Each structure stands twice: as structure tokens, then as C-alpha cells.
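The values are calculated or read from the model by the stated rules, or taken from the named source; none is laboratory data. Nothing here was measured: the structure is a model prediction, and the numbers come from that model. All Cβ positions, even for glycine, are placed from backbone atoms using ideal geometry, and neighbour counts span all protein chains on display.
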Amino acid sequence: MNRDEIDELAAAYALGGLEGEERVRFEALLEAGDPDAVRALRDCEDTLVGLAAAAPESPPPAVKAALMERIAATPASVRTLPRRSRALWPVVLSGAMAAGLAAVVVGWSVSSTYEKRLDALVQSAERLRAELRSQQAVIAILRDPATQVVVLAGLPPAPGARARMMWHAQAGGVFVATGLPAPPDGKAYQLWAIAGSNAPVSAGVFTVDAAGTGSLAVRPLPGVAAVNAFAVTLEPAGGLPAPSGEMYLLGKS
Amino acid sequence: MPPVAPGSESSTALIAAIAAGDRDAFSRFYDLTAPMAFGLIRRVLRDPEAAAEVLQEVFWQVWQDAPRYDPKRGSPEAWLVMRAKTRAIDRLRSIRRRDRTFVAPVDESVTQGSPDRAPDPAVVAEDRGLIQTALAQLPEAQRRVIELAFFEGLTQSEIATRLGEPLGTVKTRTRLGLDRLRGVLGRERLSAT
């Protein structure tokens, strides 16, 4: 990997926007202590510190007061100490008198290396678990015989648009759409559930990527028992409590 | 507040003292760095109450995690700013998720009225002169990708989608923008010391 690539990864990582395989790759470099990666990240982070420091704002005094009170009420032993080793310091130190400090120093640095690696693994496991949970939720919806599949067809503003709603009244649903034009600035698509003669209920707001594809995970809608139809309208970006814009997609269940 | 050079001995020493349970050191570190962290959090979350909550969480983490601070990985200020940024963006995302799913929460009337979204950078720029000064020296295209990432928490591919630009272009602009910003801020730091 050349300098520019590493600098690119570091910049995106420092800004919090590095994803997927690139993120794994960059974190592996950091874990391995790659000097270019470590330096590049430090440079980027220091730049962002400079940016933050350019616009300080006095926090409300109550924040510090609450913190100092909370700290005063915390016995030192309750604090999160570095896993394993720090709590063992007193034991380790007394042993060190006899065993020789050198051995301890080596042990300390080895164990802290492993701790860091372990921390990174724990974090990546947590990310994967969260991803798995959301995938499992989707699969559970798809496998349930009570799930209905509603096909939505494009209306005059986007005749080529199509969408599917996999809907389960208790578990919620998964909605995918294709062929929608990119919404104008400040606008987004809003999905509506229509039950009987009741007013449409918002099922969420979504936008589409450059290919015109969008998706939405929909939570169960309280108070909406049997949905007769789903519809998509173009609304202001945050969505509205009731539809106001043109209808792009409609499908009856 | 006097500017503290990242990695200056004092802040590193303070973190070491905090790690050892020194409450006075925590108090001094807070006084030194909280305005910087709060300024950043406020830029992400406009609602002052949510921002104050996030600030408190961040410094509570500082107190708890100080023993795990590793100076090899960066300055205490960077350690703090990255935490403040992550927490503020997490809060922003949870607010947006709540808005997007639109499942009426009990306090909907409250959340609907609160201007929690990331503010329009152009509007904020007016009352944030200094950040504006630094960012204004970047070409518009570079400034935009940094603002979207740092203050709105968008990932690189989300930025590409939002701007309708190829991902590679976004990556390059991010790197060039940060490079340029480093130069701008470096000049200011030199003139301040």
C-alpha cells in the first residue's frame, strides 16, 4: 500500500467514515503498529483537534458539578481498570522485588499487547453480532408464513419504479424499492401503511442511492392491525405526519 | 482558554494522574478541554440539553478509561475529541433513527419540536466564525466532504451517494481536505504561540 492510500484510509478513519473491508484492513495496520498508519492517523486526529479547538464553547456549569459529584461518590476500586493486569499490580509489584523488575516489564508489555488485540477482537465481534441480529430479524420475517408480500407498482411520476414490502404485523417488515428518481434536495420518500378507512400511518422515510434503489426496515406499527395497502409519496426530508406530496408507488395487500 | 498544543506534557501528565484516581487532575483536565469538546458536540447536536448530556458521558468515560489511555496512539486531546465526536454522532444517529422509523414515541410532541438535526453548515458557520475561518480556506468540494463526515457522521459511501460523486473522488477529497486543513491550522497554531 502506498503513502497516499494509507493517508486516505487514515483520513476517513479519523473522520469515522471508514467501512467494511477497508476498516478491517486499516485497523489491522494499526494493531500491527505500522509506523506509516500510526503517523498518518495521528496527523489526521491532531488536525481534527485543531478544528474542534477553533470553536470552543463554555459548557453549562451543571455538567462539571454533576461529574465531580459522581466521581466523589465512586470508590477508586469501582473504576474500569485495565483488564486483568492493573488489578494485579500490588501482587505483581511485591513479587517483582524478588523476581526482578525486568521480567515484569517484559510480561507487562506482552500482556498489554494482547489486551489491545483482545479489545480489537471484542469490538469487531460486537459489530458482527449486531449485524447478525439485524440479519436474523430479516430472515425471521421472511420465513414466517404470516408474512405477506405486497407488490407496489410505479405511478405516473415514476412508472418504471417497483417495490416489495415483506410485512408481518407483529414483527414489522422489510421494504425495498427500485427505479425511483433521486429525490430533490430537502425531499425524501415516505412509506405509508393504509388500514381500512383510517388515515395513512407513516412507516418511515427513506432515500435512494444513485441507482434508484432504497430500503427501509419497518418496525411494527402500533394500532395498525390489518394493512390493506402500502404507498410511497415524496415529502419534505424529515417526513410528515400525513401524506402531502405526489404518490410514486402503490400496492394493495 | 489558552490553546493547548496536542500532546503537550501537561495534558499527558494530567491523564496519568487521572488514571491514578486524582480528582483534582480530572478537574483541571476538564477545565482545559471541556470547552473544545463541547464546541464540537454542539456543532453536531444543536439541542443544548442533548449536548450537555453527551459531554457528561464523554468525561465520565475519561475518568473511567484514563488507565487505558495509550500515549503511543495519540495525544490526550485527540483521544478526547474522537470520543466526543463518536458519542455526539451516535446520539445524532439515534435521534435520526427515531425520526425515520416514525413509530410514535411517548414524547413525540417534544422530539418533533426540538431542532436536533445536524444544522445546516452554512447557517452554523455564521455563529462559528473561527471554524468557518479555517474551513473557508478549503475549496468548497473538500470542505463539504469533511463537514458531512465530521459533523454529520456520514460514511464515505453515504457521502458519495449524497453528493452523487464516485467513491474514489470522495476519498481523495477527504485526504486533500484534511491535508489542507492541517496546513491552515498549523499556521494558526504557530502564530498563536
**Asked** If we keep just the residues of segment A:175-207 that are in contact with a Phe, Trp or Tyr (Cβ under 7 Å, 6 or more places away or on another chain), under 25 Å from B:Ser157 (Cα atoms) and not in a strand (DSSP E or B), which is farthest from the other protein chains (Cβ to nearest Cβ)?
**Response** A:Leu180
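Inside segment B:25-36, can you point out the residues that are within 10 Å of chain A (Cβ to nearest Cβ) and charged (D, E, K, R)?
Applying the first criterion (within 10 Å of chain A (Cβ to nearest Cβ)) to segment B:25-36 yields B:26-27, B:30-31, B:33-36.
Hit for segment B:25-36 is B:Asp31, nothing else.
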**Request:** Could you run through segment A:118-158 and say how many residues are without any contact (Cβ under 8 Å) to a residue 40 or more places away in the chain, in a strand (DSSP E or B) and polar (S, T, N, Q)?
**Result:** 0
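Results for (1) loosely packed, with under 14 Cβ neighbours inside 10 Å; (2) modelled with pLDDT of 90 or more; (3) at the interface with chain B (Cβ under 10 Å from one of its Cβ atoms), shown as yes or no for each residue.
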position: A:Leu41; (1), (2), (3): no, yes, yes
position: A:Glu45; (1), (2), (3): no, yes, yes
position: A:Ala52; (1), (2), (3): no, no, yes
position: A:Leu93; (1), (2), (3): yes, no, no
**Complete:** Among (1) out of contact with any helix residue (DSSP H, G or I) (no Cβ under 8 Å at 6 or more places or on another chain); (2) in the same structural domain as A:Val208 (by TED's automatic domain parsing), A:Ala171 falls short only on (1)
**Request:** Please specify each residue of segment A:208-238 satisfying the condition of being under 14 Å from A:Pro184 (Cα atoms) and either free of Cβ contacts under 8 Å to residues at least 24 places away in the same chain or within 14 Å of another protein chain (Cβ to nearest Cβ) (or both).
**Result:** A:Val208, A:Asp209, A:Ala210, A:Gly212, A:Thr233, A:Glu235, A:Pro236, A:Ala237, A:Gly238
**Request:** Confirm whether A:Ala203 is over 18 Å from A:Pro157 (Cα atoms) and surrounded by 16 or more Cβ atoms within 10 Å (Cβ to Cβ).
**Result:** yes
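Considering each of A:Val218, A:Val232 in turn, give the residue that is under 26 Å from B:Arg93 (Cβ atoms), buried (at least 22 other Cβ atoms within 10 Å of the Cβ) and modelled with pLDDT of 90 or more. Walk me through how you get there before you give the answer.
Values: A:Val218 fails: modelled with pLDDT of 90 or more.
After ruling out the rest, the residue left standing is A:Val232.
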